[in-house]
Every structure is written in structure tokens, then in C-alpha cells.
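Accompanying notes for the structure given below.
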Amino acid sequence: MQQPIAIFDSGVGGLTVAKEVMRQLPREKIIYFGDTARAPYGPRSLEEVKEFTEQIVNYLMTFQPKMIVIACNTATAAALEHISAQVSIPVIGVIHPGSRAAISATKTGFIGVIGTLGTINSGAYSAALKQLSPFVQVYSQACPDFVPLVERGVFLDQEAYEVAQQVLAPVRSYPIDCLILGCTHYPFLTEAIQAAVGPDVKLINSAEETAREISTILYNKGKLALTEDLPVHEFFCSGTAEIFQQIARQWLGEQIKLTPVLWQVSRMM
């Protein structure tokens with residue numbers, strides 16, 4: 001039996017990572033979980049997000065994955081180190097891949113970061129960027145209005161452009177040449193965000209770099225899938241299936257196999 005890659009997020013945002021993994025590693029089977037019933041994670045405490053992450057990982061481990069991808073910046077900040085110590089398979093997040101991509105892209109060393117309240121308040125991106133290069137200047141801003149737009153499926157509507165213009169007004173005054181989309185939901189809003197910050201600011205989507213890291217780790221461990229048959233991916237969500245399926249179909253460009261999961265919130269690991 002082919003061991004899958006398990007990917008999870010607070011909702012549909014991690015589909016941006018799943019799509020890039022499907023593009024770069026088409027032979028790999030993906031098990032995806034979106035915790036849509038409890039999204040967004042950004043306003044929640046890091047301790048609460050850590051508990052949710054433990055519960056999801058406990059569930060995903062029943063599928064015997066070969067790797068876990070925390071495709072949620074808030075959950076990465078809250079629980080990456082903790083989860084890595086709890087399981088025997090590789091666990092990666094999206095903050096360090098996104099930071100590496102920004103360091104590679106910037107010409108001036110002035111880097112912007114937008115994310116949820118939880119991610120920005122954790123300081124995880126500033127720490128990761130400074131670890132890679134002590135000379136960069138980091139400008140951070142929380143954008144709590146963005147995730148609800150995406151979860152409602154209105155990321156291409158005029159409302160998204162209007163909200164982006166309003167929320168990102170302070171960012172236009174930053175002397176940055178690149179902007180990290182520090183939430184995996186935000187690539188859904190790429191057009192609205194680019195319009196708001198202007199064409200001279202390069203947007204950094206961590207999904208591409210994350211998929212490259214997945215490929216490198218699996219190759220080094222001799223765990224890349226070798227089957228000639230294309231895998232059937234499985235998707236799970238804890239909230240309303242209809243909205244998730246609609247957004248996933250629009251983003252991935254295909255029908256998906258989706259199973260709603262109902263559970264009681266509890267600490268399981």
C-alpha cells in the first residue's frame with residue numbers, strides 16, 4: 001500500500017500547498033484535512049491551536065502517512081516543534097520554506113509579512129527571516145479579515161478587492177520589495193492583494209518552496225512514490241462539505257473525494 005503525504009490546515013487554505021504538491025509530485029497520494037468547523041485559527045490562542053493540531057495529527061496518523069505537512073502558518077507557529085517530537089515521521093511547516101523564498105527573492109532586504117493575528121503575534125516569521133539573514137528588515141501586519149473571505153468562497157469577488165485595498169493601506173507605505181503571504185489562505189486572494197500593494201512588490205507564496213522541501217526530504221529518505229498509477233487523493237473536513245467541495249473544485253480544477261468528519265474536541269495525544 002502506498003503511504004500518503006498527510007496535509008492539514010484550519011480550512012481550505014492548505015489546498016494551495018496540496019495543489020503545488022500535486023503539480024511537483026504527481027505520483028504522491030495526499031490525505032488532506034481541513035478543520036473548517038473551527039476556522040479561523042488566527043484569533044485563537046496558540047495553546048488552543050496546539051490542542052487542535054494534536055487532535056488532527058492523531059487522526060491523520062491512522063492513515064499511516066510517511067510525512068505530515070502543517071499547511072497552516074498559525075498551527076506551524078504553535079505546534080511544529082511539539083508535533084515533531086511526538087511522531088516518528090518527518091513533520092514540516094510552511095514558515096521556514098516561505099522565509100527562504102523571500103530571502104532568495106528580495107533585492108533590498110526589506111521584506112513584508114502579512115498573516116493571521118496568531119502568526120504575526122508569534123513573531124515566527126521575523127525570527128525565521130533573521131535566522132536566515134540578520135540584515136533583513138521585516139515589516140509585519142495582521143490581516144484577520146482575509147481568511148473569512150476565502151472560507152466563504154468570495155476571494156475573486158469585488159468585495160475581496162475592496163477589503164484588500166482597505167486592510168493593506170498601511171503596507172503601501174512600507175519600503176518593501178517582496179511580501180510574504182504568511183497564511184496559506186492568502187494565495188486565493190493573490191489578484192486582490194497584488195492590486196492593493198502594486199506591481200513592484202513581489203508576492204511570496206510558500207507553497208512552491210514547501211513542495212520542494214517535501215520532495216527533497218522524501219528523496220533523501222528513499223520514500224518517493226514509484227508507482228506508475230496516478231493516486232486517488234482523499235479530502236476530509238470538519239465543517240460544511242458543500243462549501244469546501246466547491247472551493248476545492250474551483251482551486252484544484254477537478255472533482256475531489258471528500259468525507260466530512262465529525263468529532264468531539266478533545267486532547268488526544
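Every number here is computed from the coordinates shown, using simple stated rules; none is lab data. Bear in mind that the values here come from a model prediction, so they are computed numbers and not experimental data. For neighbour counting, all protein chains shown are included, and Cβ atoms are generated from backbone atoms with ideal geometry for every residue, glycine included.
For the chain, the longest principal axis of the C-alpha atoms and the axis of helix 15-24 are separated by about 70°.
With only Lys, Arg, Asp and Glu charged, each at its Cβ (+1 for the first two, -1 for the last two), find how big the charge dipole of the chain is about the Cα centre; round to the nearest 20 debye. Show your work: numbers first, answer last.
Numbers: 20 positive and 25 negative charges, 124 e Å.
Taking the Cα centre of the chain as origin, the dipole is about 600 debye.
Close amide H partners of Phe33, meaning residues 5 or more places away or on another chain with modelled amide H under 5 Å apart, are Ile7, Phe8, Asp9, Phe236. Residues whose amide H falls under 5 Å from that of Val113, counting only those 5 or more places apart or on a different chain, are Tyr139, Ser140, Gln141, Ile180, with hydrogens built in the peptide plane.
As a size descriptor, the averaged projected area of the C-alpha convex hull of the range 200-260 was calculated at 6.8 nm². Phi angles across the range 240-254 convert, under the Karplus curve 6.51 cos²θ - 1.76 cosθ + 1.60 with θ = phi - 60°, into 3J(HN,Hα) values of 5, 6, 4, 5, 4, 5, 5, 5, 4, 5, 5, 6, 8, x, 7 Hz, Gly and Pro given as x.
Considering only the Cα atoms of the chain, their convex hull presents on average a projected area of 13.5 nm². Taking each DSSP H run with n ≥ 4 as -39500 (n - 2.57) and averaging over every residue of the chain yields -13000 deg cm²/dmol at 222 nm. When only Cα pairs below 8 angstrom with a gap of at least 6 residues are kept, the range 95-206 shows a relative contact order of 36 percent. Here the Karplus relation 6.51 cos²θ - 1.76 cosθ + 1.60, evaluated at θ = phi - 60°, turns the backbone of the range 225-235 into coupling constants of 5, 10, 5, 7, 7, 6, x, 9, 6, 10, 10 Hz, with x for every Gly and Pro.
First select every other residue whose beta carbon is under 14 angstrom from the beta carbon of Gly182; then total the charges, Lys and Arg +1, Asp and Glu -1. Can you show the working numbers first?
Details: positive: Arg100; negative: Asp9, Glu209.
So the surrounding residues net to -1.
Built from the Cα atoms of the range 160-255, the convex hull projects on average onto 9.1 nm², one quarter of its surface area. Sparsely packed loop sites in the range 9-91 (the trypsin sites (Lys or Arg not before Pro) outside DSSP H, G, I, E and B with at most 16 other Cβ atoms within 10 Å) comprise Arg27. Once the range 95-206 is represented by equal point scatterers at the alpha-carbon sites, with solvent omitted, what log10 I(q)/I(0) does the Debye formula produce at q = 0.16, 0.20, 0.21, 0.24 Å⁻¹? For the range 95-206, the Cα-only Debye profile gives -0.64, -1.00, -1.10, -1.41.
Per-residue extension of 0.36 nm, minus the Cα-Cα distance of Thr259 and Thr62, leaves a gain of 69.4 nm for this segment. Coupling constants for the range 122-129 follow from the phi torsions by the Karplus curve (6.51 cos²θ - 1.76 cosθ + 1.60, θ = phi - 60°), and in residue order they are 6, x, 5, 5, 4, 5, 5, 5 Hz; glycine and proline get x.
Taking chymotrypsin sites (Phe, Trp or Tyr not before Pro) that fall in a DSSP loop and have at most 16 other Cβ atoms within 10 Å as cut points, what is the longest piece of the chain between them?
1-134
Close amide H partners of Leu203, meaning residues 5 or more places away or on another chain with modelled amide H under 5 Å apart, are Leu179.
Can you give me the angle between helix 206-220 and the longest principal axis of the chain, using Cα atoms only, in degrees from 0 to 90, rounded to the nearest 10? Approximately 40 degrees, to the nearest ten.
Taking GluC sites (Glu not before Pro) in DSSP loop states with no more than 16 other Cβ atoms inside 10 Å as exposed sites, the chain has its longest site-free stretch at 1-227.
In the range 2-111, the C-alpha radius of gyration followed by the widest Cα-Cα span (Dmax) gives 14.2, 46 angstrom.
Normalised by the number of residues in the chain, the average gap of Cα pairs under 8 Å and 6 or more apart makes the relative contact order 27 percent.
For the options Pro199, Pro90, Pro26, a Gaussian network treatment of the chain with springs between C-alpha atoms closer than 10 Å singles out Pro199 as fluctuating the most. Note on the range 95-206: with charges restricted to the Cβ of Lys and Arg (+1) and Asp and Glu (-1), its dipole about the Cα centre is near 500 debye.
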